[in-house]
Amino acid sequence: MTESDQGPLKSSSRRSFLGFGAGLAAIACTAPAGRGAAKERSQEGTVGRRDYPVLIGSVNALPGMQKFYGDLREGAAPLDVAIDVVKVVEANPDDHSVGLGGLPNEDGVVQLDAAVMDGRTHNGGAVGCIENILHPSEVARLVMERTDHCMIVGRGAYEFARLHGHPHTELLTDDARKLWLEWKETHSDLDDRFAPPVEEGKQARNDHGEPEERVTGTIHCSALSTSGEVACTTTTSGLSWKIPGRVGDSPIIGAGLYCDAEAGSAGATGRGEAAILAHSSSALVELLRAGRSPVDAGLEVMARVTRQARRASVWQPGLVDEEGKPTFNLSFYVLGLDGAFAGVRLSGSSEFAVSDPEHGPRLEPTRAYLE
Ligand code: GLY
């Protein structure tokens with residue numbers, strides 16, 4: 001990128017343009033989205049009550065929602081709560097899709113991706129391929145608030161986190177290491193490693209003796225505050241056994257997450273490549289802006305993803321089955337400014353986590369695009 005590509009932001013940084021705390025206070029005072037106004041905008045096909053505050057996210061967000069939904073109800077900022085929710089999973093060694101205990105890349109190294117976005121300032125930050133840092137979501141926030149950039153990756157992201165006091169942490173747990181070793185010993189007949197007897201392995205295997213499926217789990221959380229402000233975060237260890245340096249959708253603003261104070265918030269989990277190629281979270285929010293309900297928006301973007309996968313299968317045949325159904329999965333979490341929400345999955349049954357004033361934190365079934 002040349003100097004001129006960066007335009008006026010270079011000389012007038014986001015920080016100096018808007019004193020951060022004062023700017024947020026001013027925006028909060030003038031935010032047009034009030035509870036009464038939002039309730040008038042009823043939409044067909046919406047899942048959930050039109051009331052807020054609301055948290056919505058992937059199924060693994062439930063424990064964090066149970067812990068922190070009360071803060072949102074008491075008026076906490078949506079980004080603070082969204083990050084608190086995902087940090088519970090980032091620190092959980094038993095969740096193999098995020099943070100500590102996340103499954104590593106093909107070299108056995110845990111590389112994390114995360115991003116945050118704050119509707120109040122329409123600002124975002126992200127880290128990609130960060131190693132040895134427990135809370136990449138917090139580092140993504142630091143990128144947003146303490147730099148003029150949107151994304152920092154790799155060694156630079158690690159050094160940046162250390163500069164801000166994040167400790168060096170070994171993220172590869174013994175459990176995750178054993179799963180990685182098992183993959184390494186079984187994924188090819190063309191190397192010199194021997195697979196352990198199947199009964200000693202920890203992963204379910206298909207008829208060919210291969211691990212059942214690779215993990216693309218992730219955690220997303222979108223939040224709508226008591227004053228109608230939106231924010232979101234997505235954090236992940238990415239695709240298990242990935243090529244070192246691979247970045248999925250989670251840290252890409254517009255793909256793994258997106259929010260806009262004028263429209264709503266959305267996020268994705270599942271096959272990151274599909275979410276990137278559909279620019280799915282930005283597409284979801286744009287459909288909300290156009291007046292579509294969260295569930296309609298989710299189903300429309302899933303239809304797009306399906307058509308795109310069929311076209312891509314010309315060069316990547318395994319991407320769809322003989323009936324043209326994608327062989328991968330993807331889930332969307334969509335939240336309107338009126339508190340309407342939906343969890344939509346490409347195929348099969350699953351659940352998403354949600355918390356609203358009427359029922360509190362719970363799991364709800366996702367709506368499947370393909371049965
Ligand atoms: N959606 C997470 C990933 O693909 O990395």
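Quick note: the coordinates plus some simple rules give every number you see, no bench work behind them. Nothing here was measured: the structure is a model prediction, and the numbers come from that model. Cβ sites come from the backbone with ideal geometry, for glycine too, and all protein chains shown count toward neighbours.
A few comments on the model shown:
- Packing-based ranking, highest mean first, of 77-83, 90-96, 294-300 given that Cβ atoms within 10 Å are counted: 77-83, 294-300, 90-96
- Near Phe352, the amide H atoms lying under 5 Å from its own belong to Glu364, Thr366; only residues 5 or more places off or on other chains count, and H is placed 1.01 Å from N.
- Likely footprinting exposure, Ser349, Ser227, fewest C-beta neighbours within 10 Å first: Ser349, Ser227
- Length-normalised contact order for the stretch 79-150 - Cα pairs under 8 Å, 6+ apart - percent: 25
- Once divided by 2.2 N^0.38 Å, the Cα radius of gyration of the stretch 50-182 becomes 1.09.
- Residue order, fewest to most beta carbons within 10 Å, for Glu106, Glu286: Glu106, Glu286
- When +1 charges are put on Lys and Arg Cβ atoms and -1 charges on Asp and Glu Cβ atoms, the dipole computed for the stretch 229-313 relative to its Cα centre reaches about 520 debye.
- Applying both filters, DSSP loop and at most 11 other Cβ atoms within 10 Å, to the chymotrypsin sites (Phe, Trp or Tyr not before Pro) of the stretch 269-365 gives Trp315.
- Karplus-derived 3J(HN,Hα) values for the stretch 318-328, using 6.51 cos²θ - 1.76 cosθ + 1.60 with θ = phi - 60°, are x, 6, 10, 8, 5, 8, x, 8, x, 8, 9 Hz; glycine and proline are entered as x.
- With both residues required to sit in the stretch 75-164, DSSP beta bridges show an antiparallel share near 65%.
- For the stretch 143-187, applying the loop criterion from DSSP together with a ceiling of 15 other beta carbons within 10 Å to the GluC sites (Glu not before Pro) yields Glu170.
- Packing-based exposure ordering (other Cβ within 10 Å, fewest first) of Thr121, Thr226, Thr366: Thr226, Thr121, Thr366
- In this rough spin-label picture, where each label sits 7 Å from Cα along the Cβ direction, the Glu74-Glu262 distance is 3.5 nm.
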